[in-house]
Amino acid sequence: MFTLEKPLPRGTEDTAPFWEAALRGELRLQRCRACGHYRFPPAVLCPRCSSEGYEWASLSGKGRVFSWVVVHQSQYPAFNEDAPYNVAIVELDEGPRLHTQIVDCPLEELTIGMPVEVVFEKVREDVVLPKFRPRRRSA
Amino acid sequence: MGTACGKYAIAGVGVSRFGKVPGVSAMGFTLEASKRAVEDAGLEMRAVDGLLAVMPAAIGEQHGWAARVAAYLGLDPSFCTTLDMGGATACGAVHVAMAAIEAGYCSVVLCAFGTQTWPQGVPLQLFGSEFHLVYGDVGAICFTGFIRRRQQFEYNLPDELYGRVAVTCRAHAQRNPEAQMRKPMTLDDYFHSRWVAEPLRLFDCCPNTDGGGAIVVTSVERARDLRQPVVRIIGVGQEHRAEVIVPTGDYQELWGGTGAARRAYASAGIVAADLDCAQLYDAFTPRVVNDLVAYGIAAPEELDRAFARGEFTFGGRLPVNTAGGLLSEGHLWGFGHVREGVRQLRGECSDRQVADAKLCLVTGYGGAPHESPPTVSYSALVLGRD
Ligand SMILES: [Zn+2]
């Protein structure tokens with residue numbers, strides 16, 4: 001069998017700024033200059049209005065758990081030692097939904113609608129993954 | 001849409017050996033299934049002048065797969081192309097076949113598929129997007145778990161419902177000697193099966209399957225001269241979209257495939273209540289829940305009781321997945337479902353024959369739910385006895 005390492009993001013022209021922002025501890029997404037839509041995943045065209053113009057807008061990092069699963073048996077062996085672990089979709093206050101992980105929260109306390117806020121987890125010197133933790137008090 | 005509907009027929013269906021079949025290539029399965037489907041139709045291979053081959057995902061990016069299949073089959077097709085809609089391809093290929101014949105490009109189309117799920121002994125779905133895989137979100141299972149949790153949250157659906165879907169399919173597999181999973185299953189067995197990606201248990205998931213399937217499409221007139229009773233393609237529908245993570249942010253509806261359903265029923269000129277049986281894409285139990293709602297067969301709130309009362313089994317309101325579904329028969333990307341629908345309408349299903357089956361719905365679902373954005377295709381056929 002192969003031993004596999006966990007994959008790390010390899011940014012493209014469109015997506016690298018997302019990861020570079022994360023490295024600086026910022027959550028940024030493309031916002032369409034024409035219609036204001038937040039583009040996720042990042043891309044050269046707005047899926048709502050086909051405009052090319054955008055800015056890398058800063059997001060609040062606040063949102064709610066939209067859904068989640070607890071993986072007991074990963075289809076990717078590098079994650080097996082983490083099992084059971086959660087993967088989640090967080091709906092940001094600004095609208096976009098990110099795939100992510102919820103940290104600082106026992107698995108049995110996860111609920112749909114739980115308020116969460118972004119945290120930045122350094123997984124390598126040059127790579128940071130945005131994750132989310134429960135918001136203890138409303139902000 | 002739908003001008004081609006009613007003019008074309010599925011004249012032959014076939015599957016290769018399937019299950020855990022190591023050492024056979026995707027091409028090997030494709031050829032086996034193709035030969036059986038063409039023989040089933042009562043045709044010579046050289047009568048095939050159109051070829052649609054499904055790119056086996058495990059192979060990865062290669063060019064000209066369909067031309068290679070044609071070469072192996074010794075064909076000189078006037079229309080030949082590779083298709084990929086994931087698990088929606090079986091039904092989707094039939095749409096394309098009808099269109100190609102309607103356009104006059106060819107007259108007998110073979111839709112062929114084969115896959116070797118574990119060609120190197122390791123899972124191959126490693127390519128996922130940078131926004132998913134880095135979090136350990138791998139493959140369609142996590143995505144399906146997200147969907148199921150939303151189904152349950154929004155409609156207060158009990159865990160038992162998903163168990164009943166699995167138990168119903170497994171019970172149907174008792175009547176199918178070809179099914180991979182035939183050991184009887186109770187609701188208790190279901191609840192004792194291990195978690196894969198909570199809320200999904202092992203028995204919420206279909207078995208990985210090596211194998212192939214093929215379908216022969218031609219005109220109704222031509223089919224009438226062939227070996228089998230004519231099974232007419234009376235309705236088709238497709239829908240393609242980004243689920244859950246929505247690039248436009250506009251789409252909030254939970255149930256996927258409502259557009260495919262509307263188009264399929266409109267082109268067939270039927271309503272859900274007209275159906276005699278249905279083969280619903282069930283790689284995972286939440287997909288059956290989705291399709292029963294999206295295709296207008298039942299309301300979400302009534303599903304658990306309806307399953308418990310046997311409404312979706314033999315003798316009930318609408319028997320679904322009569323061969324055991326992907327959950328029990330095996331996962332040939334929906335080719336098994338098309339085959340079962342055709343066989344029900346031909347009346348050749350012996351122990352599991354739905355009495356006087358005249359109309360069957362077949363649904364397909366597939367794509368890249370583990371990519372960003374998670375995009376999926378829905379496809380459907382309404383098949384009718386001539
Ligand atoms: Zn825009």
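The values are calculated or read from the model by the stated rules, or taken from the named source; none is laboratory data. Since this is a predicted model, take the numbers as computed values, not measurements. Every residue, glycine among them, receives a Cβ derived from its backbone with ideal geometry; neighbour counts consider all protein chains shown.
Side notes on the structure shown:
- Of all residues in segment B:278-307, those being closer than 18 Å to B:Cys169 by Cα and assigned to a helix (DSSP H, G or I) number 14.
- Counted residues, segment A:93-126 - those being in a strand (DSSP E or B), modelled with pLDDT of 95 or more and among the aliphatic types (A, V, I, L, M): 4
- Candidates A:Val65, A:Val44, A:Val70 - the one that is more than 9 Å from the ligand (Cβ to nearest atom) and more than 17 Å from the chain's Cα centre (by Cα): A:Val44
- Within segment A:101-114, being facing chain B (nearest Cβ under 10 Å) and closer than 10 Å to A:Arg64 by Cβ holds for A:Thr111, A:Ile112, A:Gly113.
- Search result, residues across segment B:311-367 that are of a type in the set (Phe, Trp, Tyr) and farther than 30 Å from B:Met55 by Cα: B:Phe312, B:Phe314
- Hits in segment B:216-244 (condition: crowded, with 24+ Cβ neighbours inside 10 Å and outside any strand (DSSP E or B)): B:Ala223
- Criterion violated by B:Ala90 - all others in (1) crowded, with 22+ Cβ neighbours inside 10 Å; (2) among the aliphatic types (A, V, I, L, M); (3) free of Cβ contacts under 8 Å to residues at least 60 places away in the same chain satisfied: (3)
- Failed item in (1) in contact with a strand residue (DSSP E or B) (Cβ under 9 Å, 6 or more places away or on another chain); (2) farther than 30 Å from B:Phe131 by Cβ; (3) part of a loop (DSSP other than H, G, I, E, B), with B:Leu383 passing the rest: (3)
- Inter-residue pairs, beta-carbon under 8 Å, first farther than 18 Å from A:Leu98 by Cα and in segment A:30-43, second of a type in the set (Asp, Glu) and more than 8 Å from the ligand (Cβ to nearest atom), 6+ apart: A:Arg33/A:Glu55
- A:Leu98 falls short of the stated requirement of being within 27 Å of A:Asp126 (Cβ to Cβ), more than 12 Å from every other protein chain (Cβ to nearest Cβ) and hydrophobic (A, V, I, L, M, F, W, C).
- Annotation note: of B:Ser328, B:Ser267, the sole residue that is in contact with a Cys (Cβ under 9 Å, 6 or more places away or on another chain), touching a residue at least 12 places away in the same chain (Cβ under 8 Å), small (Gly, Ala, Ser) and closer than 24 Å to B:His370 by Cα is B:Ser328.
- Looking only at segment B:337-352, and only at residues there that are surrounded by fewer than 17 Cβ atoms within 10 Å (Cβ to Cβ) and acidic (Asp, Glu), the one that is farthest from the chain's Cα centre (by Cα): B:Asp351
- Scanning segment A:47-62 for residues being within 13 Å of the ligand (Cβ to nearest atom), hydroxyl-bearing (Ser, Thr, Tyr) and touching a residue at least 12 places away in the same chain (Cβ under 8 Å) gives a total of 2.
- The set of residues in segment B:331-349 that are touching a Pro at 6+ places or on another chain (Cβ under 8 Å) and in a helix (DSSP H, G or I) comprises B:Leu345, B:Arg346.
- Only one of the listed residues (B:Asp204, B:Asp189) is closer than 27 Å to A:Asn80 by Cβ, acidic (Asp, Glu), surrounded by fewer than 24 Cβ atoms within 10 Å (Cβ to Cβ) and at pLDDT 95 or above. That residue is B:Asp189.
- Strands (runs of 3 or more DSSP E) fully within segment A:1-88 that include at least 1 residues being surrounded by fewer than 19 Cβ atoms within 10 Å (Cβ to Cβ) and within 13 Å of another protein chain (Cβ to nearest Cβ): A:62-71.
- Here B:Ala140 meets each of (1) among the small types (Gly, Ala, Ser); (2) within 14 Å of chain A (Cβ to nearest Cβ); (3) in a strand (DSSP E or B) with one exception, condition (3).
- Summed over segment B:308-330, residues that are outside any loop (DSSP other than H, G, I, E, B) and under 17 Å from B:Ala261 (Cα atoms) total 1.
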